[in-house]
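A quick write-up on the structure given underneath.
The values are calculated or read from the model by the stated rules, or taken from the named source; none is laboratory data. Everything numeric here is computed off the predicted structure, so don't read it as measured data. No Cβ is skipped: glycine too gets one built from the backbone with ideal geometry, and neighbour counts run over all protein chains shown. Ligands, DNA and RNA are excluded from the accessible area calculation, which covers all protein heavy atoms including side chains. Shrake-Rupley method; radii C 1.70, N 1.55, O 1.52, S 1.80 Å.
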Amino acid sequence: MIQISKPQITEKDIQDLTAVLKSGMIVQGPKVKELEEKFAKYCETKYAVAVNSGTAALHAALYALGIEEGDEVITTPFTFVATANSILMQNAKVKFVDIDEESFNLCPKALEKAITKETKAIVVVSLYGRPYDQEINRIAKEHGIKVIDDACQAIGSKLGEKKSGSFADISCFSLYATKNIMCAEGGMITTDNAEWAELCKRFRHHGQSEQTRYQYFDLGYNYRLTDIHAAIGLNQLAKVEEFTEKRIENAKYYNQELNEIKGIITPNIPTGTRHCFHQYTLRITKDFPLDRDAFRAYLSENNIGSGIYYPQPLHLHPHKRLKMDHKEGDFPVSEKVAKEALSLPVHPSLKQSELKQIIKVIKQVS
Ligand SMILES: *Cc1c(COP(=O)(O)O)cnc(C)c1O
């Protein structure tokens, strides 16, 4: 089976892990600090704060921006549930706004119409690694609201020379096992704002500042990353450019081979954008001989793994605090795309022969 994702663990990771275990400093220590410094340097932000998941990163970012009970926060229904759950974790209100069909990301026009006096922040998602539309920053500024980039899938993406992690007021990354770079479970927050960085540090450590332990400023959680995880994260971060280039190369090959096939819409990469291709996602439309689910089954029969991210937009789940009064038809673009999206393996350890095999199998249907 050609897998949809494949974490790469090397001998060096095992050696570095062993060194941490033997050092006696196994929790949040020098490796976490080093990872934060290198992450900030990579993203070209002033600060990076490590936490133990992308979800924790989002939760801490919302806290740092002062989002609290009853505040309205806008986000997209076409994302992983953690994006919206982190808003609920601050007891804030989720307000969904539909996406743009071509980018899969929050639609600036729809956003502009949805903003009210109650809106305090926007959580944009740079889905599959495609940076969110920067028009959103302009709209947010005009209305005096803050932007959080859920960049959990977007490490290595760029707009011009600027990296993902530096576009929004605060950005959040996941270092979960299947992400472009990982440390099993982990997360990172990037920002240029010293106060928000400090608030995130407190929040991950039960409301204590690093300078004054056992003095509790506010409610906080145990969101600390360990040095064991950070040791893997450091090795992965050292390879982020190599991994990203490989993903882009794989995506370009797919685009070139699949562009002309009727019923398949390949991802578009606008000029000046570097898309890190966390996912390479096709849309399988009515003009294709098989429907999306049948096509996926066919790929599987041919030992090709694929993924559907995400099969159902968030407002159509039984999850009451996200469903609210919503019904089918409320966010038609998200609903349509959820039926069409299919992601192919694009990870850096794919062999040329595997890519060729995937193309061959796809061309046999069309
Ligand atoms: C992975 C992911 C998250 C959550 O990250 P975890 O590390 O699993 O908590 C949030 N949002 C998006 C878009 C993700 O892909």
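Here the range 142-178 is scanned for amide nitrogen atoms under 14 Å from the site 7 Å beyond the Cα of Glu241 along Cα-to-Cβ, giving 156-157, 163. Loop-resident GluC sites (Glu not before Pro) (DSSP state other than H, G, I, E or B) in the range 45-93 with no more than 14 further Cβ atoms inside 10 Å of their Cβ: Glu68, Glu69. The Cα atoms of the range 1-160 give a gyration tensor whose axes a ≥ b ≥ c have a/c of 1.5 or more with a/b greater than b/c, which makes the shape prolate.
Counting protein heavy atoms only, the chain has 52 percent of its accessible area on carbon and sulfur, 1.4 angstrom probe. Across the range 163-279, C-alpha contacts under 8 Å between residues 6 or more apart give a mean separation that, scaled by the residue count, equals a relative contact order of 19 percent. Taken along the Cα-to-beta-carbon direction at a fixed 7 Å, the label points for Ser349 and Glu249 span 1.7 nm.
Modelled spin-label separation between Glu301 and Gln8, with each label point placed 7 Å from Cα along the Cα-to-Cβ direction: 3.4 nm. Estimated from helical segments only, the mean residue ellipticity of the chain at 222 nm is -11500 deg cm²/dmol, where each DSSP H run of four or more residues counts as -39500 (n - 2.57).
Subtracting the Cα-Cα distance of Thr273 and Thr18 from their residue separation scaled by 0.36 nm leaves 87.9 nm.
For the range 310-366, trypsin sites (Lys or Arg not before Pro) meeting the loop criterion (DSSP other than H, G, I, E, B) and having at most 14 other Cβ atoms within 10 Å: Lys327, Lys351. Relative to the current alpha-carbon distance between Asn91 and His143, full extension at 0.36 nm per residue lengthens the span by 16.5 nm. Accessible surface area normalised per residue over the chain is 44 Å², counting heavy atoms of protein chains with a 1.4 Å rolling probe. Taking every C-alpha pair closer than 8 Å and separated by at least 6 residues, the mean separation divided by the residue count of the chain gives a relative contact order of 21 percent. Among the GluC sites (Glu not before Pro) within the range 116-159, those in coil by DSSP and having at most 14 neighbouring Cβ atoms inside 10 Å are Glu118.
Rounded to 0.05, the FRET efficiency of the Lys113 and Lys360 pair, given R0 = 35 Å and the Cβ-Cβ distance, is 0.15. Accessible surface comparison of Ile228, Ile9, probe 1.4 Å, protein chains only, largest first: the order is Ile9, Ile228.
Scanning residues 5 or more positions from Ile2 or on other chains, those with amide H under 5 Å from its amide H are Ile304, Gly305, with H placed 1.01 Å from N in the peptide plane.
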